[in-house]
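The next block holds one structure in the form of C-alpha cells; read it before the comments.
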Amino acid sequence: MVASILKTINLSKIYRRGKIKALTDVSLEFNDRGVLTLLGRNGAGKTTFLRVISTQLMPTSGKVFVLGYDVVKEAKAVRNNIAVMPQEGATLPPLTPWDHVYFTLRIKGISKNVAKEYTNDVLEKLDLMQYKDVHADRLSGGLRQRILVAMAMAYKARLLLLDEPTLGLDPLSRRKIWKIVREYCKNVGSVILTTHYLDEAEVLSDQVVILNNGKVLANGTVDELRNFVKEKVKIEVYSGFLFEELQSYGRLVPVADRLRVLTNEKTAQELVNEAIKRGARVQTSPITLDDVFVELSTEVEQE
Ligand SMILES: Nc1ncnc2c1ncn2[C@@H]1O[C@H](COP(=O)(O)OP(=O)(O)OP(=O)(O)O)[C@@H](O)[C@H]1O
Ligand SMILES: [Mg+2]
C-alpha cells in the first residue's frame, strides 16, 4: 500500500506566548500526488500548519504523518524527504542566485557534481540563468522571490512545501511558477502551497483546504468547493440597473464599483437580455473559488 502524502488527525497547535490557538482539531488527508492548496485569511493558521508538518514546530496535540512518517517520532525521515520555502524567507545580499541554490543543496548533503547539475537545471527553469552571477542585493524583489522558490525546488524532494511562492510576482512570472509547479508534480513529487490568489488556487490545485481561525472550513476539489455556493452563475452589473431592481434576479453581493448577482442560468439569461435592451454593461461568468471563499468567510464572520 502506498502511504498517504499527508495525514493529520485532530491536529492542534497553541502558541504558549499569547496563548493563541493557531490550529484546532485539523483532520485531513492528502493522498494523491498533486497540489494541495491551503487558503485562508491572514492569521488563519496556514503558516503554522506548514511549520508543523515540516517538523519546525511541535504539535500541541494530535497526530501528523508526512509520507507515512510521524512528524514527532520520525522527524529526521520527514526532513529528508521534504523541501520548504518559508514565508519569511530572505536572500543573502552578497550571494548570487547560483550560490543560494548550490549551497542549499550542499548543506542538504548533495555531492558537488549533482548539486551543480541541479542548480543549473532549476535556474534555467525559473528564468534566473541570466542573473546567476548577480548579487542578490542588486536584484528586484520578484527575482529574489524566485531564488527562494528555486532553493526549495532544486532538491527534488518527494514533498515540496511552498508558503506564498508567488507573493509579489508579476502576472507572467506567476504563470511561469504555476507551470513549473505542475511539472514538479508530474516529474518529481507532490506540492503543498499557500496563496492568497484564488485564481492561482483554482488553476493549480487538485485539493483545496480553506482554514479559518485555525479550523478547517472546507476541504475538497475545486469543483466540490464550488458547490458551497448554491447558484451556478454570477453577473457583474456595472451600469443601467438599480439595486432594488436587481434583487428580483437573484442574490446580490456588492463589490467595489459594481453589483454582483448570483443566480441560475435561466434568470441570468433574462437579466442579460434586459441589459442588452437598456444598453447596460454586464458580464456573466461561472461561480469561481473567489465566490466560495467570500461566501464561506462571510458566513463564519456572521455567526
Ligand atoms: N510565533 C508565534 N507566537 C505566537 N503566536 C503566533 C506565532 N506565529 C503565529 N502566531 C499566531 O497564530 C495565528 C496563525 O498564524 P499563521 O502565521 O499561521 O497564519 P497564516 O494563515 O499563515 O497568515 P498569513 O496569511 O498572514 O500568512 C495568528 O493568530 C498569529 O498571530
Ligand atoms: Mg502565513
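The values are calculated or read from the model by the stated rules, or taken from the named source; none is laboratory data. This is a predicted model, so every value here is computed, not measured. Heads up, the Cβs are rebuilt from the backbone with ideal geometry, glycines too, and the neighbour counts pull from every protein chain shown. These accessible areas exclude ligands, DNA and RNA; they are computed on the full protein's heavy atoms, side chains included. Shrake-Rupley method; radii C 1.70, N 1.55, O 1.52, S 1.80 Å.
Which one of LEU193, LEU143, LEU161 is open to solvent by less than 50 Å² (accessible area, probe 1.4 Å) and either assigned to a helix (DSSP H, G or I) or farther than 20 Å from PHE49 by Cβ (or both)? Before you say what the answer is, go through the steps one by one.
Numbers: LEU193 fails: either assigned to a helix (DSSP H, G or I) or farther than 20 Å from PHE49 by Cβ (or both); LEU161 fails: either assigned to a helix (DSSP H, G or I) or farther than 20 Å from PHE49 by Cβ (or both).
After ruling out the rest, the residue left standing is LEU143.
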Q | Out of THR104, THR24, THR91, sole residue that is within 13 Å of ligand 1 (Cβ to nearest atom) and either buried (at least 17 other Cβ atoms within 10 Å of the Cβ) or assigned to a strand (DSSP E or B) (or both) | A | THR24
Q. Looking at the range 61-79, is at least one residue assigned to a helix (DSSP H, G or I), among the hydroxyl-bearing types (Ser, Thr, Tyr) and more than 24 Å from the chain's Cα centre (by Cα)?
A. no
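What do you reckon, is ARG41 surrounded by fewer than 18 Cβ atoms within 10 Å (Cβ to Cβ) and either within 13 Å of ligand 1 (Cβ to nearest atom) or within 28 Å of LYS112 (Cβ to Cβ) (or both)?
Details: surrounded by fewer than 18 Cβ atoms within 10 Å (Cβ to Cβ): yes; either within 13 Å of ligand 1 (Cβ to nearest atom) or within 28 Å of LYS112 (Cβ to Cβ) (or both): yes.
Yes.
Could you tell me how many of the residues in the range 211-242 are assigned to a loop (DSSP other than H, G, I, E, B), among the β-branched types (Val, Ile, Thr) and open to solvent by less than 30 Å² (accessible area, probe 1.4 Å)?
Within the range 211-242, the first condition is being assigned to a loop (DSSP other than H, G, I, E, B), and the residues that meet it are 213-214, 221, 227-232, 238-242.
Applying the additional criterion that residues be among the β-branched types (Val, Ile, Thr) yields 221, 229.
Now narrow it down to the ones that are open to solvent by less than 30 Å² (accessible area, probe 1.4 Å): 229.
Adding up the residues that qualify gives 1.
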Q: Just need a number here: residues in the range 243-262 that are open to solvent by 50 Å² or more (accessible area, probe 1.4 Å) and not in a helix (DSSP H, G or I).
A: 5
Q.
Condition first: modelled with pLDDT under 95 and among the β-branched types (Val, Ile, Thr). Now tell me which residues in the range 83-105 satisfy that.
A. THR91
Q) Can you pull out the residues in the range 27-38 that are open to solvent by less than 20 Å² (accessible area, probe 1.4 Å) and over 22 Å from ASP199 (Cβ atoms)? A) LEU28
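Can you find even one residue in the range 281-292 that is surrounded by fewer than 19 Cβ atoms within 10 Å (Cβ to Cβ) and hydrophobic (A, V, I, L, M, F, W, C)? Give the derivation first.
Pass one, the range 281-292, residues surrounded by fewer than 19 Cβ atoms within 10 Å (Cβ to Cβ): 281, 283-286, 288, 290.
From what's left, hydrophobic (A, V, I, L, M, F, W, C): none.
No: zero hits.
Looking at the range 116-140, which of the residues that are assigned to a helix (DSSP H, G or I) and touching a Lys or Arg at 6+ places or on another chain (Cβ under 8 Å) is nearest to ARG174 (Cα to Cα)?
Only one residue tops the list, namely LEU123.
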Q | Single condition ASN81 does not satisfy, out of (1) surrounded by fewer than 18 Cβ atoms within 10 Å (Cβ to Cβ); (2) in contact with a helix residue (DSSP H, G or I) (Cβ under 9 Å, 6 or more places away or on another chain); (3) in contact (Cβ under 8 Å) with a residue 60 or more places away in the chain | A | (2)
Q: Please verify whether the range 47-66 includes one or more residues that are in contact (Cβ under 8 Å) with a residue 60 or more places away in the chain and more than 16 Å from ligand 1 (Cβ to nearest atom).
A: yes
Q. Only one residue in GLU274, GLU270, GLU265 is in contact with a Lys or Arg (Cβ under 8 Å, 6 or more places away or on another chain) and open to solvent by 40 Å² or more (accessible area, probe 1.4 Å), so which one is that?
A. GLU265
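Only one residue in THR8, THR60, THR55 is β-branched (Val, Ile, Thr), more than 13 Å from ligand 2 (Cβ to nearest atom), open to solvent by less than 10 Å² (accessible area, probe 1.4 Å) and out of contact with any Asp or Glu (no Cβ under 6 Å at 6 or more places or on another chain), so which one is that? Outline the logic, then answer.
Numbers: THR60 fails: open to solvent by less than 10 Å² (accessible area, probe 1.4 Å); THR55 fails: open to solvent by less than 10 Å² (accessible area, probe 1.4 Å).
From the options THR8, THR60, THR55, the qualifying one is THR8.
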